Amino acid sequence: MFKPTITGPSQSQFRELERRIRVKAEAALLQASHRAGRIATSRIRQAMSGAGLGRLGNAVDATSDLDKGGRLHRSPGNVSASSAVHLKSRSPRTVGAIEAYTEGATIRPRNGGWLWIPSAELQRRVKGGRRVTPGNWKSSGLEQRIGPLVKIPGKHAGEVLLIVPAVTVRQEGRPSPRRLPKRGGVRTGRVLRENFIAFTGIRSTTRQARVDPHQIIDGVRAELPALIAAELEK
């Protein structure tokens, strides 16, 4: 007489298997959420660059639970991992620019005066790395190098110009404006500008939203199940 018997795994073996599955699943959650944050950051930066916003997207970054030591969020019967997309820059100018180009905005001067837009032919920065403005024109030495600013009406309603009379610029390459020499002669390789427009003043300007980061993040969120599955297969 034969009496076969089957002995299943012990409870300890079941518990060990359960532990291994849980550990792998939790590791997959951490890795997938981390990857999702990096993917979203990369796509937002690409979208900003493609929208003509230059390096503004470099201010966008992501931080995940994996970055913070791999701690999961636990509650009764539930465990989760997360990643957050945020701005790493605290500069009011950078934050304001990103808000304007992702949400849209009307920009007005704080004092109710003029928004001054520098000429593309001017240098962008002055001593100390500050942006060139009518306010630092004299203190930065530009008044001495190029000449004093003179306000005149603009070509359109609600617009004024700040010009510098009698300025010479290079015929080739960067204009590099300079005041006309006292003797009145124009050096070789330069030409005279009777009225060099240094700044255009406007009352306000509207910025249309060019990038929708929320839509990009939602798209990556929809990919999370596939990202988790890919991590589980490793």
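The values are calculated or read from the model by the stated rules, or taken from the named source; none is laboratory data. This one's a predicted model, so the numbers in the text were calculated from it and none came from an experiment. Quick reminder, even Gly has a Cβ in these numbers, built from the backbone with ideal geometry, and neighbours come from all protein chains shown. Remember, those area values only see protein heavy atoms, side chains included, never the ligands or the DNA or RNA. Shrake-Rupley method; radii C 1.70, N 1.55, O 1.52, S 1.80 Å.
Points worth noting:
- Boolean, residue 106 is under 30 Å from residue 59 (Cα atoms) and touching a Ser or Thr at 6+ places or on another chain (Cβ under 7 Å): yes
- Once segment 175-192 is narrowed to residues that are open to solvent by 100 Å² or more (accessible area, probe 1.4 Å) and in contact (Cβ under 8 Å) with a residue 12 or more places away in the chain, the residue that is farthest from the chain's Cα centre (by Cα) is 187.
- From 36, 32, 62, 28, residue being open to solvent by less than 70 Å² (accessible area, probe 1.4 Å), of a type in the set (A, V, I, L, M) and touching a Gly at 6+ places or on another chain (Cβ under 9 Å): 62
- Only residues that are more than 10 Å from the chain's Cα centre (by Cα), open to solvent by 50 Å² or more (accessible area, probe 1.4 Å) and farther than 23 Å from residue 227 by Cβ were counted across segment 78-105, and they come to 4.
- Residue count for segment 124-145, restricted to those that are surrounded by 14 or more Cβ atoms within 10 Å (Cβ to Cβ) and modelled with pLDDT of 90 or more: 7.
- Criterion (without any contact (Cβ under 8 Å) to a residue 24 or more places away in the chain, out of contact with any His (no Cβ under 6 Å at 6 or more places or on another chain), assigned by the TED database to the domain that holds residue 220 and not in a helix (DSSP H, G or I)) met by exactly one of 22, 90: 90
- Scanning segment 106-123 for residues that are in contact (Cβ under 8 Å) with a residue 40 or more places away in the chain and charged (D, E, K, R), we see that the one that is least open to solvent (accessible area, probe 1.4 Å) is 121.
- When residues of segment 154-171 are limited to those that are modelled with pLDDT of 90 or more and open to solvent by 100 Å² or more (accessible area, probe 1.4 Å), the one nearest to residue 138 (Cα to Cα): 170
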